[in-house]
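Nothing in this text is a laboratory measurement; each read-out follows from the coordinates by a stated rule. From a predicted model like this one, the values you see are computed outputs, not experimental measurements. When we count neighbours, we look across all protein chains shown, and the Cβ atoms used for this are built from the backbone with ideal geometry, even at glycine.
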Amino acid sequence: MMCYYRLFVLIALSSFVVESRHLKGNSYELSNFHRSGTNATIEPKIWAVLVAGSNGFVNYRHQADICHAYQILKNGGLEDENIIIFMYDDIAFDVENSRPGVIINKPDGDNVYKGVPKDYTGEDVNVDNLLAAILGNKTGVRGGSGKVVESGPNDHIFIYYADHGGAGILGMPSGVDLTAKDLMNTLKKKHAAKSYKSMVIYVEACESGSIFEGLLPKNMNIYAITAANANESSWGTYCPGEFPSPPSDLDTCLGDLFSISWMEDSDIHDLRKETLDQQYQLVRRRTAVDDMVGASHVMQYGNKTIAKQFVFNYMGTNPNNDYYSPSSSDDSSLTTTPSSVSQHDATLLHFWHKFRNAPEGSPKKTEAHKQLMDEISLRKHIDESVNQIISVVFGQEKVPEMLNTVQSAGNPLVHDWDCFKMLVNSFKRQCGSTSRYEMKYSRAFANMCNAGIGWTKNQSRDWFEK
C-alpha cells in the first residue's frame, strides 16, 4: 500500500470537519564560586546541550559534529557534569567504520569520539528527553544518564543541534521530530522559570531559519544562529569525491559546512577575545561563499545584543590558544571554503561512492547497488506520494502552490502548529527513512494546514490505531 494512503484518508476525513577561571591541567577550570571575605557569591556556570538528531553511518557527519563540539567545550574548561550529550552512538563501532572507536570531523582530524560521555543514546535520543533536559526536569527524562540542565539565574546556556531538518522541524532518530513550536514553548518555560541569564543556540539543519523566524522573541535573552535561512538547504562537507575528501576508507561526509566553520574557528582562537558576532561574521562568510551554489545564508535571531559578548561565556576557551595571532598559518584555513554537498543529496553520494569503490562482482558491489537503487526508489515514491496527496485533496492545479509557497520574512511557517505536527510526524511514521528525504516536504504540509485542513484529536487517534 502506498505510504501516502493512510495520511490521505486522515486528511480527506478531516477536511470535512563573565566568569572567573584558573589554570588546571590542560584546560581552564571555570570556577563556580568566588569568595570575598566571609561572603560567597555564586559565579555563573556554563551549561551545554549537544544534540545529534540522526543515526546510521550514512549520517556520520552529524555525530562527528557533536563529538567535535564536546572536545571544544572540554578543552575550554567545562566539566562533564555540565555538558549533556544526545547522540545515537551507532557510528564509532559500525561495521562500515574502518576505524573502530574512531570518529573524525575533517580529513586529517583527530579522534573526536575519545572521552565523549554517553548521556542519552539509542532510543533515548528523543524529543521528550531533550525538552525535559533543557527544562532541568529530572523526572521528565526516561533512560540515559538522567543528566539535565540544572541552571540558575546567573548561568549561561549553550545549545548546539546538528542533523537533517525541514521547514518548521528538526529531525530526531527516535519517535517524533521536534517542531519549532514545541522548542519555543520549552524555551519560554525556561525563561519564565528565571533559570538562566542568557542562552546561545547554534542549529545545523536545512531550512533551520524556520525554527526561529517569527517565533523567537527578542526579550528572552536568547541569541540563535542557524546554518541556513528558512527556505534553503544546509550543506555537508569533507565528502567523497569533493575537495578536500575524506580518507579513502571512509565513503561518507565527515562534517557540515556551517558546523565545521564555527568549530574550526573555536579550535584555534582565544575565545576570551572573540565575540559571538565576530564568529558569526567569519562563519557567515565561509558558509555563504558569495551566494554560490553549494552555500547557505547563516542567520541570526533573537536578542542580537548578546552577540557582543565573548564566545568564552558559552564555550570556555582552550589555554593553548592564549597566544593566538590572526597572522598564524592556521588562520588561512578559516577563509577557505571546502566543497559542499546538499544535506538532501549526501545519502545518495554515500551510496554511489560505496557502489563505485566496491570490487567488481563482489557481494559488496551487489549490496551497494541495491542500497543505491533502494534510496532512489524511496525518493521517487515519496515525491509521488506527496504530489498525489495534494492533488487528491486540493486538485492537481494546486500542487505547485502547496509545494512552493513561502511565508514572507518575519512570519512563522504555519498558523496551526497542531495540524502541522500531526501531518509531518504521521508522514514520518509511514514514509520515513534514515536519509530523512521526506523532510523536504514539511513546507508542503505547513501550506496544507494554512489552507484550512483540520482534524479532531479523536480522528487522529482512531486513525493511528487502525
What is region 46-341 by shape, rounded, prolate or oblate, if you read a ≥ b ≥ c off the alpha carbon gyration tensor as root eigenvalues and call it rounded for a/c under 1.5, prolate for a/b larger than b/c, and oblate otherwise? rounded
Taking amide hydrogens as modeled 1.01 Å from N in the peptide plane, which residues meet the under 5 Å criterion relative to residue 167, leaving out close sequence neighbours? 442, 443
Could I have the simple spin-label model distance between residue 243 and residue 219, label points 7 Å from Cα toward Cβ, reported in nm to one decimal? 5.3 nm
Where nothing but the Cβ of Lys and Arg (+1) and of Asp and Glu (-1) is charged, how large is the charge dipole of region 46-341 around its Cα centre, in debye to the nearest 20? 1260 debye
Sorted by chain and number, the residues with a modelled amide H under 5 Å from that of residue 255, at a separation of 5 or more or across chains, are 237
Which one of 386, 445, 433 has its Cα pushed farthest toward the positive end of the charge dipole of region 358-451, where Lys and Arg give +1 and Asp and Glu give -1 at the Cβ? 433
Karplus 3J(HN,Hα) series, Hz, for region 418-431 with 6.51 cos²θ - 1.76 cosθ + 1.60 (x for Gly, Pro): 5, 4, 4, 4, 4, 5, 5, 7, 6, 5, 4, 5, 8, 10
Quick one: what does P(r) look like for region 358-451 with 10 Å bins over all Cα pairs, in whole %? 15, 38, 26, 12, 8, 1
Under the Karplus relation 6.51 cos²θ - 1.76 cosθ + 1.60, θ = phi - 60°, what is the ordered set of whole-Hz ³J(HN,Hα) values for region 223-236, x standing for Gly and Pro? 10, 10, 10, 10, 5, 8, 6, 6, 10, 10, 6, 9, 9, x
Describe numerically, in nm with one decimal, the distance between label points set 7 Å from Cα along Cα→Cβ at residue 273 and at residue 174. 4.4 nm
Out of region 70-167, which trypsin sites (Lys or Arg not before Pro) are coil in DSSP terms and have no more than 12 other C-beta atoms within 10 Å? 118
In region 358-451, taking the dipole from +1 charges on Lys and Arg beta carbons and -1 charges on Asp and Glu beta carbons about the Cα centre, the listed residue (409, 399, 363) farthest towards the positive end is 363
